[in-house]
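Enquirer: Shown below is the structure under consideration.
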Protein chains: 2
Amino acid sequence: MENNAQNTEDRILEAARTVFHRKGFNGARMQEIATLANINKALLYYYFRNKELLFERVFNDTFSQLAAKIGDILMSDMPLMSKVEGFGNLYPNFISEHSYVMQFLINALQDRPERLRDIIMKQNINPCLFLEKIKKQLRDEMGIDMDPLHLYVNLLALVIFPVVARPLLQSIFSLSDEKMAMFLEERKTIIPVFFNNAMKGYEKDKSLV
Amino acid sequence: MENNAQNTEDRILEAARTVFHRKGFNGARMQEIATLANINKALLYYYFRNKELLFERVFNDTFSQLAAKIGDILMSDMPLMSKVEGFGNLYPNFISEHSYVMQFLINALQDRPERLRDIIMKQNINPCLFLEKIKKQLRDEMGIDMDPLHLYVNLLALVIFPVVARPLLQSIFSLSDEKMAMFLEERKTIIPVFFNNAMKGYEKDKSLV
DNA sequence: ATGATGTTTAACCAAATGGTTTAACCAAAC
DNA sequence: GTTTGGTTAAACCATTTGGTTAAACATCAT
């Protein structure tokens, strides 16, 4: 009984995740979520009082899950460049299964930027620690003293953007699905190289000062 | 009279742009567009038969405008690195006025990827020419022989991502609006440097081969 | 058996929203 | 001065959609 109940809640959440991720809050229909979860609307509202609450739950779950994965990599004791590589792999892998995650998060926050503040507090995640850690590793491992935020955003950009803008890029450059998949696969090696090269440049800069 | 009419159509389009850009197709309300354009709903439908048509018009206009600006830079005769710099400036400037443009385009294409194919054909824009040009400049100016698509996507990523993900980044790293504005401003110089450094790395690679 | 919990069915409601219609108004063009 | 096209006001319609309700049923624990 409880087992089955838990199962239903999970099925609802999974369905809700799928629909919200793909269509956002406004595009999603409660009926669609119910159908996908193999239940009827009444039961859906029996588990989650309303659309907002369900959406919030999905948003929180999604963000926490992604944040945990990123945190694992960034706070580990790997050398910086291994982290960069790990990052390049994590994301395309993660989103091959959850391909709309990032888009979803960005849009949800565009609508209501205050959404994150609460859950970042509740969660024990502190993104600024990431930056400290990166800064320290930069100094210790490569002798570079620079703003870690720009560096981190650069990395995020290189990894995330091509996936988020995928349909745009595919249309503009007439890439078939296979070619696009190959392109994204190539980036797993291209990004670390690109990043590494850029870093070496900063080392040189430093020796000039 | 005609003058006034033209004026009304423009006002409608401007209002529609604003609302669609910020809220997307599903989030936008025809009444809101009418109100913003200072007309009533009847007149809105008198000018544009329905929501879809109006949206399509806005999408086409938006894409063409952005494509033209990008094309101007990429197809000019500037050296590659000046283009990179021009790019870093173009985008934040363009979107300080139209800050939801990219988000809007990405979402619209997520919904219906076929949207772009038609208008790219009609337009005399050929994005693949960009790539050829870049590839040639890479070879001639820097002696580098590599896939220009990755390079171009890298540049787009570095420039566009921080703006699109702005609310996400601001929340995560608790940046005030002023700090975030400063951060984006800094990137105008940081991106070219980063990019330049990475390029130098490829030159070295080549000399090793 | 009884009662609590999960579940379905199906009807229902209210509000929002895309879209239409009609009559009247106004300004300029003829 | 009449026609014409842009414009308004206001009512209206059909549909979608978020959300509710009530009755019946299944299952399991006690």
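Enquirer: For B:171-178, what's the mean count of beta carbons from other chains sitting within 10 Å of each residue's beta carbon?
Expert: Other-chain Cβ atoms within 10 Å of each residue's Cβ, averaged: 5.
Enquirer: How much accessible area per residue does the range A:1-48 have, in Å², with a 1.4 Å probe? Provide the component values of the computation, followed by the final result.
Expert: Working: 2950 Å² over 48 residues.
Accessible surface, normalised per residue, equals 62 Å².
Enquirer: I'd like the mean, over residues of B:152-160, of how many other protein chain beta carbons sit within 10 Å of each residue's own Cβ.
Expert: 6
Enquirer: How large is the dipole of the protein assembly as shown about the Cα centre if only Lys and Arg carry +1 and Asp and Glu carry -1, each at its Cβ, rounded to the nearest 20 debye?
Expert: Numbers: 52 positive and 52 negative charges, 112 e Å.
Taking the Cα centre of the protein assembly as shown as origin, the dipole is about 540 debye.
Enquirer: Now, a different point. What nm distances, shortest first, do you get from the label point of residue B:68 to those in the other copies when the point sits 7 angstrom along Cα to Cβ?
Expert: Inter-copy label distances (nm, one decimal, shortest first): 5.0.
Enquirer: Ok, one more. What is the dipole size for the range A:1-48, taken about its Cα centre, with +1 at each Lys and Arg Cβ and -1 at each Asp and Glu Cβ, in debye to the nearest 20? Present the calculation step by step, with values, prior to reporting the outcome.
Expert: On the way: 6 positive and 5 negative charges, 62 e Å.
Computed charge dipole of the range A:1-48: roughly 300 debye.
Enquirer: Here's something else I'd like to know. Keeping all protein chains in place and using 1.4 angstrom, which order do A:179, A:200 fall into by accessible surface area, from largest down? All intermediate terms of the calculation are to be shown ahead of the outcome.
Expert: Numbers: A:179 125, A:200 80 Å².
Solvent-accessible surface, decreasing: A:179, A:200.
Enquirer: Here is a follow-up. Once you have all Cα-Cα distances for the range A:63-208, histogram them in 10 Å bins from zero and send the whole-percent values.
Expert: Once binned at 10 Å, the Cα pair distances of the range A:63-208 give 10, 36, 34, 18, 2.
Enquirer: State, to one decimal in nm and shortest first, how far the label point of residue B:181 sits from each corresponding label point in the other identical copies (label point: 7 angstrom along Cα-to-Cβ).
Expert: Ordered by increasing distance: 4.6 nm.
Enquirer: To continue, here is another question. Under 13 Å from the Cβ of residue A:75, count the other residues' Cβ atoms, weight Lys and Arg +1, Asp and Glu -1, and hand me the total.
Expert: Working: positive: A:69, A:83, A:133, A:136; negative: A:72, A:77, A:132.
Counting the neighbours of residue A:75, the net charge comes to +1.
Enquirer: Share of the protein assembly as shown's accessible area from carbon and sulfur, percent, 1.4 Å?
Expert: Numbers: 10620 of 20780 Å².
Within the protein assembly as shown, the accessible surface is 51 percent carbon and sulfur.
Enquirer: Now a separate question. Using a label position 7 Å from Cα in the Cα→Cβ direction, what is the ascending list of nm distances from residue A:57 to the same site in the other copies?
Expert: Those separations, rounded to one decimal, come out as 4.3 nm.
Enquirer: With runs of 4+ DSSP H residues as the only contributors, calculate the mean residue ellipticity of the protein assembly as shown at 222 nm using -39,500 (n - 2.57) per run, divided by the residue total and rounded to the nearest 500.
Expert: Values: 22 runs with 348 residues, N = 418.
My calculation for the protein assembly as shown gives -27500 deg cm²/dmol from helical runs alone.
Enquirer: Summing both sides, how much accessible area is buried between A and B? Use a 1.4 Å probe and give Å² to the nearest 100.
Expert: On the way: alone 12880 and 12910 Å², together 20780 Å².
Using a 1.4 Å probe, the pair buries roughly 5000 Å².
Enquirer: Return the single residue from B:133, B:23, B:122 with maximal mean-square fluctuation; model: Gaussian network over chain B, springs between Cα atoms under 10 Å.
Expert: B:122
Enquirer: Assigning unit charges at the beta carbon (Lys, Arg +1; Asp, Glu -1) and nothing else, what dipole magnitude in debye, to the nearest 20, does the range A:63-208 show about its Cα centre? Show your work: numbers first, answer last.
Expert: Details: 17 positive and 18 negative charges, 41 e Å.
Dipole of the range A:63-208, to the nearest 20 debye: 200 debye.
Enquirer: Do any residues of the range A:16-37 show a loss of at least 30 square angstrom of accessible area between the isolated chain and the full protein assembly, using a 1.4 Å probe, and if so which?
Expert: Relative to the lone chain, where solvent access is computed with a 1.4 Å probe, the range A:16-37 loses at least 30 Å² at A:26.
Enquirer: For the residue pair residue A:181 and residue B:72, what label-to-label distance in nm results when each label sits 7 Å from Cα along the Cα-to-beta-carbon direction?
Expert: 4.0 nm
Enquirer: Along the positive direction of the dipole of the range A:63-208 (beta-carbon charges: Lys, Arg +1; Asp, Glu -1; about the Cα centre), which of A:181, A:64, A:80 reaches farthest?
Expert: The residue sitting farthest along the positive end of the dipole is A:64.
Enquirer: Express in Å², to the nearest 10, the accessible area of residue A:106 obtained by rolling a 1.4 Å probe over the protein heavy atoms while all chains stay in place.
Expert: Its accessible surface works out to 10 Å², give or take rounding.
Enquirer: Specify whether the C-alpha gyration tensor of the protein assembly as shown places it in the rounded, prolate or oblate class, a ≥ b ≥ c being the square roots of the eigenvalues: rounded for a/c under 1.5, otherwise prolate if a/b is larger than b/c and oblate if not. Write out the running numbers ahead of the final one.
Expert: Numbers: a/c = 1.85, a/b = 1.17, b/c = 1.58.
Here the protein assembly as shown falls in the oblate category.
Enquirer: To continue, here is another question. Rounded, prolate or oblate, given the Cα gyration tensor of the range B:1-67, with a/c below 1.5 counting as rounded? List each step's numbers first, then the result.
Expert: Numbers: a/c = 1.81, a/b = 1.23, b/c = 1.48.
Cα axes put the range B:1-67 in the oblate bin.
Enquirer: Under the 0.36 nm per residue contour assumption, what length would be gained going from the current alpha-carbon distance of residue B:41 and residue B:124 to full extension?
Expert: Details: separation 83, 0.36 × 83 = 29.88 nm, distance 3.52 nm.
Full-extension gain reported as 26.4 nm.
Enquirer: I would also like to ask the following. Once whole DSSP H runs in chain B are found, which of them have Cα atoms spread over 15 Å or more along the helix axis and a mean Kyte-Doolittle score of at least 0.5? Don't skip to the end; give the middle numbers.
Expert: Numbers: long enough: B:2-27 (32 Å, -1.18); B:51-75 (35 Å, 0.28); B:80-97 (26 Å, 0.03); B:101-111 (16 Å, 0.80); B:127-142 (22 Å, -0.54); B:148-164 (23 Å, 1.98); B:177-208 (46 Å, -0.57).
Those that clear 15 Å and a mean of 0.5 are B:101-111, B:148-164.
The values are calculated or read from the model by the stated rules, or taken from the named source; none is laboratory data. These figures come from a predicted structure and were not determined experimentally. We place every Cβ from the backbone using ideal geometry, glycine too, and count neighbours over all the protein chains shown. Note: accessible area is taken over every heavy atom of the protein model, side chains too, but ligands, DNA and RNA are not part of it. Shrake-Rupley method; radii C 1.70, N 1.55, O 1.52, S 1.80 Å.
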